[in-house]
Amino acid sequence: MTPSKKLPPRLKRADSFLGIHFDFHAGDDCKTIGKTVTPKMIQNIIDQVHPDYIQCDCKGHPGFSSYPTKVGYPAPGFVKDQLRIWRNVTARNGVALFMHYSGVWDTKALKHHPSWARVDENGKRDPNNASVFGPYVDELLIPQFKELSDVYGVDGVWIDGDCWATCQDYHKNIIKAFQQKTGIRNIPKKPTDPHFFEFTEFCRQGFRDYVNHYVTEMHKHNPDFQIASNWSYTSFMPEPVNIDVDFISGDYPLVNSVNAARFEARAIAPQGKPWDLMAWSFGSRWKEGCFTTKTIPQLQQEAAIVLATGGGFQAYFQQNRDGSIAPWQMKLMAETAKFCRDRQKLCHHAKAVPQIALLNSAHAFYRNNIRVFSPWEGILESIRGILISLLDSQNSVEVLSEHHLENTIDQYPLLILPETNCLAAKTKKQIIKYVENGGKLLLIGPASAKLFKKEIGVKFLGKPEERIQWIEHNDWLAGLKTESQYVKLQPHTKALGKIYPQNNNIGPYYPAASVRKLGKGKIAAIYLNLGQCYERRRTTIARDFLNHVVSQLFTNPIVQVTGSHYVDVNVNTINGKLAVNLINTAGPHSDENVYSFDDIPALGPLEINIRYPRKPNKVTIQPQNRKLRHTYTKGKIQLTLPKLKIHSIITVE
């Protein structure tokens, strides 16, 4: 027998930087799977894109497997085993292969096994979503993972439809277990019912146990089998990573993608696991079906947001109904891949330098979220709006949850609490101690201010209400329709900004914000919900006013950039270097009426000041690897960047 040729090694997902994702959610219409899938087709993808890994379809939400499974429910017809072809070609090229696999959402399995379904609040079995408390995980999911591992030798799974598809489960056995554990007899059906939070928390723990079970079993079966539960341990699930998933990943929306990536990347980056984000390679209104492939600069701009935050990047392209792909689209991914590779050494696994911490409270998220994990509409709107406003003023910001701050809070010059209506007593105590020891705290919105009513030094006048009012900054007014709180300042509390009842700065007004000393630090509060406003009704005055309040607290940032508000600034360290990422966020990326665009206006000149403790040996602009002319005086590097196209990195050594 001729010995088989030794295959080249494949990168682990922890070391991978660039990938490409394909899926097609096979259904009962798929009767010729594999018909036009060829080794040459897959080889051409690899030759053009040079990915570290490929993800392709094996089972989508309808529950049909797009390969001839022996343990699941295969699609109606196969001409060839397309998965075998994908594995053979990727293995031959040293490219890892991961499976797109729909977990909780599995319509076909529940049609055959209705008892596997979760039960809704009306006692009806869900036709789509399996119960995370039931036998689905042992009867189908784990056996199918073992088949993929043992028969096909795939490197792992990217599990779609998992945490975000999980819902409250009212199966009688679950209700009984909940009652026995908590002593609560009356089962809540609506968010307004008593103990709805407690019951939802019970279901959340059921999902955690479900994921831990399949991860543990698969790692026992094959320690090299790598697993991510899509959107677990992200903004959808902002908690410590207590399950041994191998990586974190999520696919941000196909519209308003840049803003989504700005938030989601920052929510994942501090979690301490290898991670990536997936862009959709096409634009459209959700479920419209009129998909338009994005342009090269459009996808590069989305990639830059992720790269600058230290993550890996992948993009999603649809497979045809037989598992093949549209070859012409690979020129988009090839150019985007080159853009990413040019920046890999100065981006991948970079760490943010502590500047501004924006608290995404898990305590508040779980108490306000009526779903198990997937955010219901609006719940993250305020924090997203505050983040985008801060970034539009060229601040370097991290999005952190309580567990990130436990041992690092004192490293951050400024902590911002955005429109949050509840905090754990332990967290509030920790934050007050942080301020008393010299930290700076900014509370945004009436609810956040109320949590620290004693500390901020104001008297609340009446209750907060949604109003149309005008905020003043630098003798300019902007109309805001949002909830606000009128206050009267106490001694030693300073007013910042004014709220007028009309579009005129003559007449009575109330303080828009206040600041006072607390111990060795400072505490400030803004008495309007600016985050929600910036998401829905963006104004330059609201942006500038927020940044003015920030500047009263955070007086010495490491990097200051002027010249355009369309620049994101990420201050990182990597390989002993300071790396200042500058991303051009101009263009109509947030306009839902624009599916694709190819013109991102270059920005510049930009004036840049970088605080640095000693005269640098070298200041360069990357990826051009060109030295930058600069001056160094009084601990600051000063330079001018004539033009910023999409993404540049200034390195200081």
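A few notes on this one:
- Taken over the range 234-257, the criterion of being β-branched (Val, Ile, Thr) and within 11 Å of the chain's Cα centre (by Cα) is satisfied by Thr234, Ile248.
- Candidates Glu472, Glu465: the one that is farther than 27 Å from Ile409 by Cα, in contact (Cβ under 8 Å) with a residue 40 or more places away in the chain, in a strand (DSSP E or B) and not aliphatic (A, V, I, L, M) is Glu472.
- Top-ranked residue of the range 34-93 - restricted to ones that are of a type in the set (Lys, Arg) and not in a helix (DSSP H, G or I), ranked as farthest from Asp342 (Cα to Cα): Lys70
- Qualifying residue in the range 296-315 (condition: charged (D, E, K, R) and on the phi > 0 side of the Ramachandran plot): no
- Residues of the range 20-43 satisfying the condition of being among the charged types (D, E, K, R) and in contact with a strand residue (DSSP E or B) (Cβ under 7 Å, 6 or more places away or on another chain): Asp23
- Within the range 439-497, the set of residues being among the hydroxyl-bearing types (Ser, Thr, Tyr) and in contact with a Leu (Cβ under 7 Å, 6 or more places away or on another chain) comprises Ser448, Thr482, Ser484, Tyr486.
- Where helices (runs of 4 or more DSSP H) fall wholly inside the range 375-436, the ranges with 2 or more residues that are more than 10 Å from Ser361 (Cα to Cα) and in contact with a Lys or Arg (Cβ under 9 Å, 6 or more places away or on another chain) are 381-391, 425-436.
- Scanning the range 587-596 for residues that are over 23 Å from Asp342 (Cα atoms) and out of contact with any Lys or Arg (no Cβ under 7 Å at 6 or more places or on another chain) yields Pro588, His589, Ser590, Asp591, Asn593, Val594, Tyr595.
- A single entry from Thr182, Thr166 fulfils the requirement of being more than 30 Å from Ile85 (Cβ to Cβ) and either among the aromatic types (Phe, Trp, Tyr) or surrounded by 16 or more Cβ atoms within 10 Å (Cβ to Cβ) (or both): Thr166.
- Residues that are of a type in the set (S, T, N, Q) and in contact with a helix residue (DSSP H, G or I) (Cβ under 6 Å, 6 or more places away or on another chain), drawn from the range 478-522: Thr482, Gln485
- The range 363-379, subset modelled with pLDDT of 95 or more, out of contact with any helix residue (DSSP H, G or I) (no Cβ under 6 Å at 6 or more places or on another chain) and of a type in the set (A, V, I, L, M, F, W, C), residue surrounded by the fewest Cβ atoms within 10 Å (Cβ to Cβ): Ile370
- Pairs meeting the criteria (first residue in the range 36-56 and touching a residue at least 12 places away in the same chain (Cβ under 8 Å), second residue acidic (Asp, Glu) and part of a loop (DSSP other than H, G, I, E, B), beta carbons under 8 Å, at least 6 apart or on different chains) are Thr36/Asp322; Val37/Asp322; Tyr53/Asp155.
- The residue list Ile558, Ile523, Ile583, Ile621 contains one member that is hydrophobic (A, V, I, L, M, F, W, C), under 24 Å from Phe452 (Cα atoms) and touching a strand residue (DSSP E or B) at 6+ places or on another chain (Cβ under 8 Å), which is Ile523.
- Enumerated strands (runs of 3 or more DSSP E) restricted to the range 499-584, each holding at least 1 residues that are assigned by TED's automatic domain parsing to the domain that holds Lys433, under 30 Å from Lys433 (Cα atoms) and of a type in the set (Gly, Ala, Ser): 510-518, 521-526
- Single condition Phe236 does not satisfy, out of (1) surrounded by fewer than 23 Cβ atoms within 10 Å (Cβ to Cβ); (2) more than 30 Å from Thr295 (Cβ to Cβ); (3) touching a Ser or Thr at 6+ places or on another chain (Cβ under 9 Å): (2)
- Meets criteria (touching a residue at least 12 places away in the same chain (Cβ under 8 Å), more than 21 Å from Ile506 (Cα to Cα) and assigned to a strand (DSSP E or B)) for Glu483: yes
- Of the residues in the range 123-135, none is in a helix (DSSP H, G or I) and more than 31 Å from the chain's Cα centre (by Cα).
- Here Ile499 meets each of (1) surrounded by fewer than 17 Cβ atoms within 10 Å (Cβ to Cβ); (2) over 27 Å from the mean Cα position of the chain (by Cα); (3) of a type outside the set (Asp, Glu) with one exception, condition (1).
The values are calculated or read from the model by the stated rules, or taken from the named source; none is laboratory data. These figures come from a predicted structure and were not determined experimentally. Positions of Cβ are backbone-derived with ideal geometry, glycine not excepted, and every protein chain shown enters the neighbour counts.
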